[in-house]
Structure formats: structure tokens, C-alpha cells
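The values are calculated or read from the model by the stated rules, or taken from the named source; none is laboratory data. Owing to the predicted nature of the structure, the values given are computational and were not obtained by experimental measurement. Ideal geometry is used to build each Cβ from the backbone, glycine not excepted, and the neighbour counts take in all protein chains shown. Protein only, heavy atoms only, side chains kept; ligands, DNA and RNA dropped before computing areas. Shrake-Rupley method; radii C 1.70, N 1.55, O 1.52, S 1.80 Å.
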Amino acid sequence: MNPNILTPEVQHYLREREAAAPTEIALQKSPFPDVSAFELAQQLDSRQRCRKKLPRWYETPGIYYPEKRSVEQASSQVTADYKASLISPGTRVADLTGGMGVDSLFFAGRAEGVVHCETNGKLSQIARHNAFQLGVHNIDFKVTDGLAYLQSQAADAFDCIYLDPSRRVGHRKVFRLEDCEPDVVDVQDWLLEKAKKNLIKCAPLLDISAALERFRGVSEIHIVSVDNECKELLFIRIRGYQAPPRMVVAALGGKTAKLAFDADAEKTAVARFGDPEEYLYEPDAALLKAGAFKFISQHYGIRKLHTHTHLYTSTQRIPDFIGKTYRVRNVVQYADFKKSKDPVYATISTRNFPVNVNALRQRHKIHDSGHMHLFFCTGGKDRLLVIFASKC
């Protein structure tokens, strides 16, 4: 960590050039004798990455930005805030994989105190500095391996332990629990001895059923999406918990919505099927990740178009549906659509359809437009349909 980066002159230089390309800055001669062009470019690059992901950091003067990999691996502000809502106020929290310190900082907003463990001394120093700049003073920063630190602590030293295992081993990305570092499956029983509650963040691509076969004591699984993109799987483990877990879908972004149900609800749910009616529903990515395909139909009282087509329909609009809602304008058979010579201007999607988007756009000369949305899908009796719809 180079303290010269924090001087008023350098900070002013970076703010004045916040829209510049970092590569251009790196190729220029640095105007500061104690700060290299590479360091200026790195600060600028990471600052730009934080503008939307971590606006609290971006808007606070005197922030020291780590290298871009640390920013990329950090939680976003909106998901960190959500995770903080899962811990009880006034508790003691250990963040064993502290990194840039985003999660620790939001935990500190609710907890009595947080211990931030990070093996990278420079990154720990940066996280400590930034916490001070952000006005947070109840985080204890430890330059150490989180599991090694926890071993030295007594049973119930903490109320909650948080882990975000690294899913990058060398130059490879991994997704299986056992391949991540640390291997939380191997130490899961021991973790619950140190704290009665564990919060474990996993890759969105992780198979939930496979994870439940490996994890014990899972009370809740939170599937978190931001702007219809699945971002995090969060497993809450409670000491002694033996009942079936609860699934919680959390769709964050412009409009926050949550839906909780038993993990086995899909097994007993009964879906109703029908042709497209007045409204069409496209479930949020978090709902789809939950695999709640029949449950969606049963819970909202809407009809599914086909067993393998995850689109739903109703005559009356469902205002609290978690996902996108469209007004159906027209429905035609794909065979009839192919015969039409009229130019089509629309955004297109496919759901359970034998032709992909690019091929459809080229084959039928469909011009991209945001006013109309075409859904190419399979409906009842395996009919290929084209649904003309506009977003509500």
C-alpha cells in the first residue's frame, strides 16, 4: 500500500480523470515521483469498477482501491447489505475470508463486532484503511488464515461465522464445494462448534441438491439475484438443526421482492397448464434457480404453458409476481409465422424451442427493437408458438 496515492494531489488527479481509460494512464509518464503510472492506472481501474458495484466506496473521499481481482471477487453493495440482514443485531461475527472487506463492513452495521481475517497483508491493510474512511470502527482486522485463527478460539467464541470460499484455484474456476478453498465440507462440524450459526456463500452455478447432500444442519438457502441475474447462493447452517430447510428467493435491484417456501414444496406442488391468456410471466432468475417450476403455478394461481416451458399465464394480472410481466398482444403458430413476409421489429427470446435466437433473427429478418417482445416457445400439445407481448 503506497500512502502517496492518498495525497490530495494524487486524489484530485484521479477524480479529474475518472472517465479516462486506465490503459492510457498506464502508458503515460506519471506526474508524481512517488506514484507510478501503473499504480495510477490500477487505482483508476478499480475505482471505475466500484462506481456501480460499490457506490459507497466510490463516493467516499480517501478510499484506497485494491487491484481489480479483489474488486471483482468482492460482494456488491446490494448483496452485502442483504447478507447483513441475515445476522441478528448485537452479535459477534467472524468473517473468515475477509478480502476487500465489503461483507465485514455491512456486518459491522448490525453486529456488536466483526473479526476480518485475510491472509494477504496488503489487502488487510487496505480494508482497514477504507473502513476508517467509511466511518466503521468495530472491525478487528487480522492478517491470518481464517480457519487457523478460529482454531485458537474457544467454542462459541462467535455467534455467526461467515465464509466465502475461493472459487478460483490457480487459473481455474471451480464450483464443487470440495474444490473451493477452504473446503467447508471437511470442516463443517467443527465450524458449528465455534459458532451456532454459519453463513456460507457459494457459487450461483452450484447444484443445490448436491450441496444439501454434503452439508448438514442447513436451515435456509437464500438464492439472491440482482436485476434478474443470479448472483449468490447462501446456506445458513444452525447447530442441531435437523428439519427440512426453507428456500428463500430474494430478487434485488430496482424492486426488491422475496418469497419463502419449503425446499420440498416443488415435490408436492401441482401445476396447472393452459394456453397463453391476457398476461405472460417470465420468472426471475432466482426463482428458476430454485427449481420451483410447479410451485410457481400453484403459489400464484397461474397456468404453465408446458411442462418444460417455464413461462406462465393468467387472465388477471398478478402484481407481486417475482419476475417480468408482459401483456399478450397476439399468439400465432410458428408454422404460420414462417409464412409471413411482413418485417418484424422486436426483442426475441426462446423457451423450450428447437431454434436459437440468432438463427431465428437471421432466418426471419427480425430487427431488434425494445417495443415488442417475441417469445418463441413450446405450448400445449407440443405446438410451437410465437407470442407477441409488450412489457407491463
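Please get the size of the charge dipole for the chain, origin at its Cα centre, with Cβ charges of +1 on Lys and Arg and -1 on Asp and Glu, quoted in debye to the nearest 20.
1480 debye
Tell me, what is the 1.4 Å probe accessible area of ASP262, in Å² to the nearest 10?
90 Å²
Provide the net charge surrounding ASP262, with neighbours chosen by a C-beta distance below 13 Å and charges set as Lys +1, Arg +1, Asp -1, Glu -1.
Local net charge: -1.
Keeping all protein chains in position, work out how much accessible area GLU278 exposes to a 1.4 Å probe, and write it in Å² to the nearest 10.
70 Å²
Taking region 1-106, how many lysine pairs are there with alpha carbons less than 21 Å apart, if each pair must be eight or more places apart or span two chains?
Taking the Cα cut-off of 21 Å, the pair count is 4.
Using the heavy atoms of the protein chains and a 1.4 angstrom probe, tell me the accessible area per residue for the chain in square angstrom.
Dividing the accessible area of the chain by its residue count gives 49 Å².
Once Lys and Arg get +1 and Asp and Glu get -1 on their Cβ, which of GLN11, SER209, HIS306 lies farthest toward the positive end of the dipole of the chain?
HIS306
Given labels modelled 7 Å from the Cα in the Cβ direction, how far is it in nm from ASN2 to ALA148?
Going by the 7 Å Cα→Cβ label model, 2.9 nm.
Accessible area of region 284-392 with a 1.4 Å probe: how many percent of it is carbon plus sulfur?
48 percent
Provide the per-residue ³J(HN,Hα) series for region 228-243, in order, calculated from phi with Karplus coefficients 6.51, -1.76, 1.60 and θ = phi - 60°, each as a whole number of Hz, with x at glycine and proline positions.
Once θ is set to phi - 60°, the couplings for region 228-243 become 6, 10, 5, 10, 9, 10, 10, 9, 9, 10, 10, 4, x, 6, 10, 6 Hz.
Amide H of ILE348: which non-local residues (sequence gap of 5 or more, or other chain) have their own amide H closer than 5 Å, using H built in the peptide plane?
Answer set, sorted by chain and number: LEU374.
Rounded to whole Hz and in sequence order, give me ³J(HN,Hα) for region 101-115 from the Karplus expression 6.51 cos²θ - 1.76 cosθ + 1.60, θ = phi - 60°, writing x for Gly and Pro.
Taking θ as phi minus 60°, the curve returns x, 5, 5, 4, 5, 6, 4, 5, x, 10, 7, 5, x, 10, 9 Hz for region 101-115.
Would you rank HIS308, HIS371, HIS299, HIS222 by solvent-accessible area, highest first, keeping every protein chain in place and using a 1.4 Å probe?
HIS371, HIS308, HIS299, HIS222
Looking only at Cα atoms, what is the convex hull volume of region 280-339 per residue, in Å³?
Normalising the Cα hull of region 280-339 by residue number yields 98 Å³.
Run the helix sum for the chain: -39,500 (n - 2.57) per DSSP H stretch of 4+ residues, divided by residue count, reported at 222 nm to the nearest 500 deg cm²/dmol.
Computed mean residue ellipticity for the chain: -8000 deg cm²/dmol.
Return the FRET efficiency for the residue pair GLN125, ASP368: r is the Cβ-Cβ distance, R0 is 45 Å, and the value is rounded to the nearest 0.05.
So the FRET efficiency works out to roughly 0.40.
Of all alpha-carbon pairs in the chain, indicate the percentage at a distance above 39 angstrom.
Roughly 32 percent, rounded to a whole number.
What order do TRP57, TRP190 take when sorted by accessible area (1.4 Å probe), most exposed first?
Largest accessible area first, the list is TRP190, TRP57.
Need the full-extension length gain, GLN28 to GLU72, defined as separation in residues times 0.36 nm minus the C-alpha distance. One decimal, nm.
Full extension from GLN28 to GLU72 adds 13.3 nm.
Using 0.36 nm times the number of residues separating HIS137 and ASP262, minus their current alpha carbon distance, what extension gain do you get?
Length gained between HIS137 and ASP262: 41.1 nm.
From the cross-link list LYS304/LYS324; LYS341/LYS391; LYS339/LYS365; LYS258/LYS391; LYS258/LYS289; LYS255/LYS391, which pairs have alpha carbons spaced over 19 Å apart?
LYS341/LYS391; LYS258/LYS391
In nm, to one decimal, how far is the ARG17 label point from the LEU205 one, both placed 7 Å along Cα→Cβ?
Taking the two extended label points, one gets 3.6 nm.
Quick one: how many Å² of CYS377 are accessible to a 1.4 Å probe, rounded to 10?
Around 0 Å² of this residue is reachable by solvent.
Search the structure for amide H atoms under 5 Å from the amide H of MET247, placed 1.01 Å from N in the peptide plane, and list their residues when 5 or more places away or on another chain.
Answer set, sorted by chain and number: ILE221, PHE261, ASP262, ALA263.
With a cut-off of 17 Å, note down the residues of region 1-18 whose backbone N falls inside the zone around a label point 7 Å from the Cα of ALA37 toward its beta carbon.
Counting backbone N atoms under 17 Å from the label point, the list is 14, 17.
Amide H neighbours of ALA271 under 5 Å, counting only residues 5+ apart in sequence or on other chains, H built in-plane at 1.01 Å?
So ALA271 has HN proximity to no qualifying residue.
For region 14-172, what class follows from the C-alpha gyration tensor (a ≥ b ≥ c being the square roots of its eigenvalues): rounded when a/c is under 1.5, otherwise prolate if a/b is larger than b/c, else oblate?
Verdict is prolate for region 14-172.
Any idea how far apart THR307 and ALA335 come out in nm if each label point goes 7 Å out from Cα toward Cβ?
Placing both labels 7 Å beyond Cα along the Cβ direction yields 2.3 nm.
What are the ³J(HN,Hα) couplings of region 259-269, residue after residue, when phi is run through the Karplus curve with 6.51, -1.76, 1.60 and θ = phi - 60°? Round to Hz, x for glycine and proline.
Going residue by residue, I get 8, 10, 7, 5, 4, 9, 4, 5, 5, 9, 5 Hz, with x marking Gly and Pro.
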